[in-house]
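Comments concern the structure below.
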Amino acid sequence: MAICYNAAMLSLQSKTSARWLDQVNAHLDEILIDHAHCEKKAAGTAMNLLFAYVEDVELCREMTRIVREELEHFQLVLDQLQRRGVRFRRLKPSNYGAQLHALIRKLEPARAVDRLLVAGLIEARSCERFDLLRQHVPDPELAAFFGSLFESEAGHHSTYVRLASHFGEPEEVRARLRELAAAESEIIARGDELPRVHS
């Protein structure tokens, strides 16, 4: 039986609106290209965290695993693009990630908490949207592809949230997660005119 992740399980405070599925319908190839860029950026995020907090052995091990998985996903998306005859190219990103990263506090250890929680929320929104895509896209192979990814994204979300407690008291981390999730909900509700995974 397929697992369904609801917004609350992913720490999200809102569900994706029909507006985004309209973008998917009109611009699926462009969203796929952006998906490849998202996987590449996710690998970079994990690598940056590994370098920033190298003293935390558990974090380093988990980031190493996530880097491998995200790069594997990147390759899989490239394969899907090739199958569809779509050229991978540079795209202007949505403003979603930049707005979330602007909320990260500047001083440690609060900065570490926020970096991990923001990464976790991005993974959570990706998971929610891949779950929608696997139910929505008419191409069975592409739907199965999204189905193969969304549980991994949920696992990454859980890992980032758990590791944030290495840098702050669990109650404070949970409160900060709620604050950032509320901001994420507002950002995703405003949306973006560009058709992107996080528009």
Task: Test for Ala52: is it among the aliphatic types (A, V, I, L, M), farther than 25 Å from Leu180 by Cα and over 17 Å from the mean Cα position of the chain (by Cα) - done: no
Task: Residue list for the range 135-158, filter: within 16 Å of the chain's Cα centre (by Cα) and more than 18 Å from His27 (Cβ to Cβ) - done: Gly147, Ser148, Leu149, Phe150, Glu151, Ser152, Glu153, Ala154, Gly155, His156, His157, Ser158
TODO: Quickly run through the range 147-175 and pick out the residues that are buried (at least 19 other Cβ atoms within 10 Å of the Cβ) and within 20 Å of Gly97 (Cβ to Cβ).
DONE: Leu149, Phe150, Glu153, Ala154, His156, His157, Thr159, Tyr160, Val161, Leu163, Ala164
Open item on the list: Step by step: first the residues of the range 145-176, then only those that are more than 21 Å from Asp56 (Cα to Cα) and either touching a strand residue (DSSP E or B) at 6+ places or on another chain (Cβ under 6 Å) or among the hydrophobic types (A, V, I, L, M, F, W, C) (or both), then the one that is modelled with the highest pLDDT. Which residue is that?
Closed with: Ala175
TODO: State which residue is surrounded by the most Cβ atoms within 10 Å (Cβ to Cβ) when the search covers only the range 75-119 and only residues that are small (Gly, Ala, Ser) and in contact with a Phe, Trp or Tyr (Cβ under 9 Å, 6 or more places away or on another chain).
DONE: Ala119
Open item on the list: Can you confirm whether Ala110 is modelled with pLDDT of 95 or more and more than 14 Å from Ala183 (Cβ to Cβ)?
Closed with: yes
Open item on the list: Which count do you get for residues in the range 41-74 that are surrounded by 14 or more Cβ atoms within 10 Å (Cβ to Cβ), within 29 Å of Glu141 (Cα to Cα) and among the small types (Gly, Ala, Ser)?
Closed with: 3
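The values are calculated or read from the model by the stated rules, or taken from the named source; none is laboratory data. Not measured: the values here are computed from a predicted model. When we count neighbours, we look across all protein chains shown, and the Cβ atoms used for this are built from the backbone with ideal geometry, even at glycine.
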